[in-house]
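Asker: Got a structure here, written out as structure tokens. Questions coming.
The values are calculated or read from the model by the stated rules, or taken from the named source; none is laboratory data. Quick caveat: nothing in here was measured; it's all calculated off a predicted structure. In this analysis, Cβ positions are derived from the backbone assuming ideal geometry, glycine residues included, and neighbour counts consider all displayed protein chains. The area values use the complete protein model at the heavy-atom level, side chains included, leaving out ligands, DNA and RNA. Shrake-Rupley method; radii C 1.70, N 1.55, O 1.52, S 1.80 Å.
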Amino acid sequence: MKKRKYIVALFALMFSFQACESFLDEQPVSEIPAEEMWQTARDAKAGVNQIYGFFRSATRTNYFYWGEFRGDNFEPGSPSAADQGRVMDNLMTTDQSSSHWGELYKVINQANLAIKYLPTIDMPSVSEREDLLGQAYAMRALAYLYAIRVWGDVPLFIEPNEQYSPDIYRSRSDKDEILRDVILEDLKMAEGLIDRHENKERKRISIFGVWAILTDTYMMLEEYSNADQTVTKMTTYDPDFMAFEPDIMTWKKMFTEELNAKAPDNTPDVDEYTTKEFIFVLHYHMEEVGSNGYSYMYQWFTGGGNRAGVVSESLRSKFEEGDARYPIVVKEYQGGFEMRKYILGDISSTLNKSCQIGYPIYRFSDMMLLQAEALARMSKWSEALDLVKKIRTRAGLETKSAVEFNSEDELIDYILDERQRELVGEGRRWFDLLRTGKWKEVMEPINGMSQAGNEFFPIHYSHIDQNPKIVQNPYYVSSN
Amino acid sequence: MMISFVITITLLHPTDVSAQESAFTLSGVVRGSDGSSLIGATIIEKGTTNGTIAGVDGEYSIKLAKKGATISVSYIGYATKELTVNEPIVNIELAATSNTLDDVMVVAYGTMKKRDITGSVSSISSKTIEKKMATSVFDALQGQASGVQIMSGSGQPGETSSIKIRGISTFSGAGVQPLYVVDGAPMDDIDAINPGDIASIEILKDAASSAMYGSRSANGVILITTKVGEANKPRVDFKYNRSWGELSHKLPQANREDRRLYDSKRRKYFQDNNLGNPDESFMVIQDSLNSFFNVDNDFQDLIFEWAQKDQVDISVSGGSNKIKYYATTGFLNENGIVPNTSFKRITARINADYQANDWLKMVSRVSTSYSQKNGVNEGMLMSSMLSRRPYFNLYYPDGSLVGVFQGQKNPLAQVLHAKDETEYYKTNLYQAFDIKILKDLKFKSSINANAYLSKRNRMTPSILQDEWQTGNSGSHGDWFNWNWLNENYFTYKTTWGDHNFSALLGFSAQQWRGESATLAGINSSTDYITSMNSFSSNLILNETGTWESNHSMASVFSRVTYDYKGRYLFNVNVRRDGSSRFSKENRWGNFPSVSAAWRFSDEDFMRFSRQALDDAKIRVSYGITGNEQIGDYEYMYSYSPGSIYDGIGGVYPSRIAVDNLQWEETKQLNVGLDLSLFNGRLTFVGDYYDKYTNGLLASYELPKESGFNSMRTNVGEMRNRGVELAIAGDLVRTKDFIWNASFNISRNYNSIEKLSGGKPYLEGGLWWLEEGGRVGDFYGYSQIDIFQYDESNAFAAGSWDQLTPIFESGKFSHYTHNGAVYNGAVVQKTLANGDPFRGGDVNWKEAPDSRNGVIDDNDRTVIGNALPTFTGGLNTSVTYKGWSLYMSFYYSLGAEIYNAAEHTRNSFKYSSTTPAPDVIHNLWLEQGDIAKYPRPHNDEFNNARYANSFYLEDGSYIKLQNVRFAYQFPDAWTKSLKVKNANLYAYVNNALTWTNYTGYDPEFSSSNPLQIGKDTYRYPKNREYGLGLSVNF
């Protein structure tokens, strides 16, 4: 009897001594420890793919805020669109959601991770690895290109942040240095890395995507000859894949059908588009983005109750009589001139697909008009007008000849107006005004924008609270 | 417990009591001084182990060794009586006493007499819980213990509460909750415990009491002991409560006339200022005959209805010498004041103790519960209900319900059609083996397993979706958590003369596992099916998946206590905990504590006071407790699946790597004084504490340009100091009339001592955390008033004194300052771009260090604080014969509330949002208006800027939480019905609230301890009127 109870006690004691050190080693099940990441081709693909995922979230609303609403294409569409209206009316404050850069810097950090680790991965296909690395460089360039156009100087990170240290608190770097030393250099790297044969993916960065960002960059740097040559490369490299679509009905189809609910695919070597103009499209599909990440192409532009913006009077007045694009782009509906470029029919007929319209980032016509602008700057006026003519002919319009222009500036305005009509709703207008310095001239009569420094967005106040090294853009803060 | 255990052992060996020649049998009845039968009173023959327990009607019978033997008769709550017996029949009357010092209290890993406690512990008995008419443990505790602040979440049925012991001592949500230990088994939540099953609740507040639970005890420990049966006393208890609840008060809301006035004011404003479309609001209502736009709805009347609650508890208990059992089942069915919100709960519990032989005792606790909650998105419902235009109909002319109209959801459609149903399955199994190795040495080993499963089904049918979204949406989530714990410890207890000594040494291992599975879909083919099969064609891939995470802990713990004559008491605890949540280098934490107490009332020099002072004790304790309540792998740099883009899933870093993530440690000093006066009729407990938390675990906001949002880190240091007082007394005590009352009050001082890098930061857009500041500091702009004229925005240069514009025949003439004409330089308040604020704009106060005339982000300051200065409770009960009246108050004074819901409602951002009637009648419309609210349009001057001191309100309140009027049927009646005891009662819960706060209720909780006091309009609590009956057989 006595003995038995000692045995029971001893047994219980032994049982409990299992609590040793290894018991406390819990390995994650639903996460990947960092040292296990960036090991295989699958990791490389997943890591690079996330750059696009972040970029899609970063631009979901900002595509419009940054590129469209800041310019003169739109005016407030409904009383409920207070934030959008304040961007259009130049009434921005530091709590504006479009002044928040967190999502854009996730793109940058993810690209930095890919740039650091991809070269260390032993992949069966070297060309695939280089292609992914090229995409990472190009996406980093694109993210910084947006950042410097929106805020001016921004903090610069070209190495990934992996470990917390005081070094993550950085002040803003000069925008021109970022443009020349980071964006341009990244794009040159990407140009050499991208797989020109296997990568025919318009939903990711292909060689054409690199060239498009590069063209944009050269235009900002005023290196017009380089811009011109880059677009020429795009025109001649693979006309079966990338070319101007001369037919206006194809033009319409491009926006209303080709962008809408494109099925996800994982085959960069197969081109699933039937039109040839898209260079880089941000892909939206409901299965992927869910009910909180749908495309705003539809919801923000239709319906009197909640549309964010309607086509402005100033843009409508710029459409010439007989412009075939006008009835496609503009429709008067519920007391406003809605932008219907991406929408086939009225509300009820497209309900189910309405939230999955992709965002075109770059398109071939855009490149042609940039080339025209570059040529105009290089005093090649008639060559410039030849390009404009293609665009205008498609819209059923006559084009002026070179002799009809008195100055380069007049021609530039002619091209810019064409860009505005051609590219409305494609997130380009404000950046055109910014690049050409015409923002003051164009916007002052509309919303009074005139003071130097007003061309940049405010920096969200939380960024300054979190990092005191960040200094607000002077237009939005007193100087003390 | 201890006494009955001794007796049980004695009764195991009835032959030990040898029948002597002169033996005789004594019998009789034990009664209390109030005449009640003391069932269960203990009768012991002094100097022996011979004893018995009084049975039904207090009858007892005991064999004594000889005539003239001394017996000792005791019963809890009555003074023990010793008497020498010579007659065979003796009826004994015991005097009632409220001297509870000999009560046994549950402490960490054991029990202790209340008089021997050296730490700071509050105890709540089942009697109190019963009176509180509680449906959850939190209801039962509210206002009962000093230093314990309980905030009920909202009035939504099934909503849990938050509990804070001695202030907020951590920055993370999970860590701020105390550790719950039910019958020795730690629990993650106690929502499933039926308060009727509880025998006592002990709240361990200081480090010395709680440090035995080491790592999880920094915010205190709540020990819950459930009932067990008593040997030879079979008992059946039945209780039924039924109550009806109503909205305690409505919020002011614009009626049709108010809203039309608002529409016309806005039209005038838009016309005067040449803005947008002045008729925009009127276009929809211009047809005066259209019934759809011309009703006058009171949405609060339309939505709220009478709530109902039924509660039935049945328990059976009893046992023999070898087995004691308590089996119970409870059913709760509650329907809230919002239709289709409800909570149903079935709980069952079996407690059993088996005495297998003289050295082995087995203890089993099995409890299980099922509950079902039908919820509503309270924020969305309240805002759509309170801001909807009152003239909009809820039904179309054909009788069908309106879903979304003009971008606004119909609150009635939300209530009737949105589904949010959660089912909870909870089971707890606990087995312990008590082994008596030697006379003084015991070993206890226990195994405990908890399993929780919750299944949440949500469905928003297409009627509630905005027209541009795809059809409907639904989701289903399963969360399964289980954990096991094995604890083993030796206890040794001995006495040498006046020296009492005990020691404990133990070790434990515990593991948690959490699994979740979520399915989400949109646009199913039918609204009829709310399960996920109809969504399988349209699953949202990035929200669909399963997740798993694990966590383990291992611990060694020990305690030594020593006392001399119960006068000098010492207690030392040490616990060493290892947690898988930290890296190998930082895995182990040590949590020692010491405490001592001095019963100075036993000293000779206190002899003079014995007449009044029965007992007086000074307690001092100091110790370190820990907190490891963070995510399971947060020390680890890792990657997670991210967004899906074009058919490929992305992977991104889930968090930035952080060096040296460590245990959060709280050092706590406690000094306390216990006094008991006039034979226990008046007791006083006072405590002072000083808690200093090092290495606060928090989610720290990173600069977003790092690519990360936040990181988990030891962010700083915080101090909480405070004083707690509790006084309880029997004010009147006669045979028929008893009046007692207890009062407690606590004052806590919080201060943030250190923050990472000294850098202050803004939490959740509203709360400012800085060194020297306090948790709950609201950060924002201060509104002085509304400029009356454009010209009112004029200040004397230099002094920034506001000037008064003087108008002559309608034209501005000049300024005056203090009544005198002012001719000096005039400066204005402007935006950063130089535009001056106009009449009807808010006159914002500038921050002292930014007096430059420009109103910008630099003008935000700390505008208030959400922490209360005083909290506590007052409980009183009056008993006259069979009648009793109980009232329970609690209060929280000095806290401020940021009324964010009202700010949103009144921000003039959206024309469809209807502001409060006060706003409609007092807004600025034209030059010269002396207004309380700004111009009815939010433009770049951003009069709606967040946060605004105007919406900061005094959140002090006193609540009469419970009133209970009960009648106990006389024994004579009950006896004839073979009933031991019967009570009938009526009660009111949440009876009255005294407050200046304008929202529904100043009491609401938040799960994040840093984001407190922001009211986004919660589901209002109801005032509950109830009737109940309890009977025991």
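Asker: Output the 0 to 90 degree angle, nearest 10, between the alpha-carbon long axis of helix B:378-387 and the longest principal axis computed from the alpha carbons of chain B.
Answerer: 40
Asker: Right, another one. At R0 = 25 Å, how high is the FRET efficiency between B:D604 and B:T84 if r is their beta carbon distance? Nearest 0.05 is fine.
Answerer: 0.20
Asker: Could you calculate the FRET efficiency of B:W739 with B:N274 from 1/(1 + (r/R0)^6), where r is the beta carbon distance between them and R0 is 60 Å, rounded to 0.05?
Answerer: Plugging the Cβ-Cβ distance into 1/(1 + (r/R0)^6) gives 0.25.
Asker: Can you show me the helix-derived [θ] at 222 nm for chain B, built from DSSP H runs with n ≥ 4 at -39,500 (n - 2.57) apiece and divided by the number of residues, rounded to the nearest 500.
Answerer: One gets -2000 deg cm²/dmol as the mean residue ellipticity at 222 nm.
Asker: Which aspartates and glutamates have a Cα less than 18 Å from the Cα of B:K735, not counting those fewer than 8 places away in the same chain?
Answerer: Excluding near neighbours in sequence, the set is B:D34, B:E93, B:D971.
Asker: Hey, rough spin-label estimate for B:K584 and A:R316, points 7 angstrom out along Cα→Cβ, what's it come to in nanometres?
Answerer: The modelled label-to-label distance comes out at 7.1 nm.
Asker: What does the accessible area per residue of chain B come to in Å², with a 1.4 Å probe and no ligands, DNA or RNA counted?
Answerer: 39
Asker: Could you sort the peptides B:425-433, A:27-35 by per-residue average Cβ neighbour count (10 Å cutoff), highest mean leading? Present the calculation step by step, with values, prior to reporting the outcome.
Answerer: On the way: B:425-433: 18.1, A:27-35: 15.9.
Ranking the peptides B:425-433, A:27-35 by packing returns B:425-433, A:27-35.
Asker: Here's a follow-up. Pairwise over distinct Cα atoms, reciprocal of the mean inverse distance: report the Kirkwood radius of chain B in Å, one decimal place.
Answerer: Across chain B, the inverse of the average 1/r is 32.5 Å.
Asker: Further question: Provide the gained length on full extension for the span B:K439 to B:K46, in nm with one decimal, where the gain is 0.36 nm per separating residue minus the Cα-Cα distance.
Answerer: Working it through step by step, the gained length comes to 139.3 nm.
Asker: Using the Karplus equation 6.51 cos²θ - 1.76 cosθ + 1.60 (θ = phi - 60°), what ³J(HN,Hα) coupling, rounded to whole Hz, does each residue of the stretch A:156-165 give in order, writing x for Gly and Pro?
Answerer: For the stretch A:156-165, the Karplus-derived couplings read 10, 10, 10, 10, x, 8, 10, 10, 5, 7 Hz, x marking Gly and Pro.
Asker: Relative to the longest principal Cα axis of chain B, at what angle does helix B:2-12 sit, 0 to 90 degrees, rounded to 10?
Answerer: Approximately 40 degrees, to the nearest 10.
Asker: Could I ask something else about it? Mind giving me the nanometre distance, one decimal, between the label points for A:D409 and B:H499, set 7 Å out from Cα along Cα→Cβ?
Answerer: Label-label distance for A:D409 and B:H499, simple model: 10.4 nm.
Asker: Moving on. Averaged over its residues, how many other protein chain Cβ atoms are within 10 Å of peptide A:102-115's Cβ atoms?
Answerer: Shielding by partners across A:102-115 averages 4.
Asker: Hey, another quick one. Quick one: length gained pulling B:K978 to B:D103 fully straight, 0.36 nm per residue minus the C-alpha distance?
Answerer: So the extension gain works out to 311.9 nm.
Asker: Would you mind getting me the FRET efficiency between B:K754 and B:I784? Use the beta-carbon distance for r and R0 = 60 Å, nearest 0.05.
Answerer: The formula returns an efficiency of 0.95 here.
Asker: Ok, one more. Roughly how many debye, to the nearest 20, is the charge dipole of the stretch B:849-916 about its Cα centre, given +1 on each Lys and Arg Cβ, -1 on each Asp and Glu Cβ, and no other charges? Before the final figure, lay out each step's value.
Answerer: Details: 5 positive and 6 negative charges, 87 e Å.
Roughly 420 debye for the stretch B:849-916.
Asker: Something else now. Considering Cα pairs under 8 angstrom that are at least six residues apart, work out the relative contact order of the stretch B:782-859 and quote it in whole percent.
Answerer: RCO, the stretch B:782-859: 36 percent.
Asker: Then there's this: Report relative contact order for chain B in percent, whole number only (criteria: Cα-Cα under 8 Å, sequence separation at least 6).
Answerer: 11
Asker: Chains A and B: how much accessible area gets covered up at their contact, both sides added, probe 1.4 Å, in Å² to the nearest hundred?
Answerer: Summing both chains' loss of accessible area gives about 8600 Å².
Asker: A further question on this structure: Once you put a point 7 Å from the Cα of A:K440 and another 7 Å from the Cα of A:E272, both along the Cβ direction, what distance in nm separates them?
Answerer: 4.8
Asker: Against the longest principal axis of chain A, how steep is helix A:184-193, in degrees 0 to 90 to the nearest 10, with axes from Cα atoms?
Answerer: 70
Asker: Considering the zone a paramagnetic label at A:R180 would reach in this model (a point 7 Å from Cα along the Cα-to-Cβ line), which residues of the stretch A:210-244 have amide N under 17 Å from it?
Answerer: A:217-227
Asker: Same structure again: Report ³J(HN,Hα) in whole Hz for each residue of the stretch B:942-948, in order, from the Karplus equation J = 6.51 cos²θ - 1.76 cosθ + 1.60 where θ = phi - 60°; Gly and Pro get x.
Answerer: Rounded to whole hertz, the list is 6, 5, 8, 4, 10, 9, 10.
Asker: Give me the aspartates and glutamates in straight-line cross-link reach of A:K331: C-alpha distance below 15 Å, same-chain residues under 8 apart excluded.
Answerer: Reachable aspartates and glutamates: A:E75, A:E313, A:D323, A:D346.
Asker: Which value, in debye to the nearest 20, describes the size of the charge dipole of the protein assembly as shown about its Cα centre when Lys and Arg Cβ atoms bear +1, Asp and Glu Cβ atoms bear -1, and nothing else is charged?
Answerer: So the dipole magnitude of the protein assembly as shown works out to roughly 7000 debye.
Asker: Further question: Give the average, rounded to an integer, of partner chain Cβ atoms located within 10 angstrom of each Cβ in B:758-766.
Answerer: Counting Cβ atoms of other protein chains within 10 Å of each residue's Cβ and averaging gives 2.
Asker: Pairs of alpha-carbon atoms within less than 8 angstrom and 6+ residues apart define the contacts here; what relative contact order does chain A have, in percent? Walk me through the numbers before you get to the answer.
Answerer: Details: 724 pairs, mean separation 97.7, N = 480.
This gives 20 percent for chain A.
Asker: Compute, for chain B, the length of the dipole vector about the Cα centre, with Cβ point charges of +1 (Lys, Arg) and -1 (Asp, Glu) only. Units Debye, rounded to 20.
Answerer: 3420
Asker: Also, I was wondering about something else. Working out 0.36 nm times the residue gap between B:W994 and B:I529, then minus their Cα-Cα distance, what length gain in nm do you get to one decimal?
Answerer: Additional length available on full extension: 162.8 nm.
Asker: What are the ³J(HN,Hα) couplings of the stretch A:168-174, residue after residue, when phi is run through the Karplus curve with 6.51, -1.76, 1.60 and θ = phi - 60°? Round to Hz, x for glycine and proline.
Answerer: 6, 8, 10, 8, 6, 9, 4
Asker: Within the set B:K132/B:K444; A:K276/A:K380; B:K754/B:K829; B:K205/B:K959; B:K164/B:K754; B:K113/B:K373, which residue pairs have Cα atoms separated by over 29 Å?
Answerer: Cα-Cα > 29 Å for B:K132/B:K444; B:K754/B:K829; B:K113/B:K373; rest within.
Asker: Specify whether the C-alpha gyration tensor of the stretch B:197-257 places it in the rounded, prolate or oblate class, a ≥ b ≥ c being the square roots of the eigenvalues: rounded for a/c under 1.5, otherwise prolate if a/b is larger than b/c and oblate if not.
Answerer: Judged from the Cα gyration tensor, the stretch B:197-257 comes out oblate (a/c at least 1.5, b/c at or above a/b).
Asker: Using alpha carbon centroids, what distance separates the stretch B:740-761 and the stretch B:84-155, in Å?
Answerer: Each part reduced to its Cα centre gives a spacing of 28 Å.
Asker: Also: Give A:K203/A:K341; A:K318/B:K409; B:K361/B:K455 a once-over and call out the pairs whose C-alpha atoms are over 31 Å from each other.
Answerer: From A:K203/A:K341; A:K318/B:K409; B:K361/B:K455, over 31 Å: A:K318/B:K409; B:K361/B:K455.
Asker: Hey, which aspartates and glutamates would be in cross-link range of B:K932, C-alpha to C-alpha under 18 Å, not counting anything within fewer than 8 residues on its own chain?
Answerer: Cα-Cα hits under 18 Å: B:D258, B:D785, B:D790, B:E791, B:D841, B:E902, B:D918, B:E953.
Asker: Place a label point 7 angstrom from the Cα of B:L673 along the Cα-to-Cβ direction, then list the residues of the stretch B:611-626 whose backbone nitrogen is under 16 Å away.
Answerer: B:613-621
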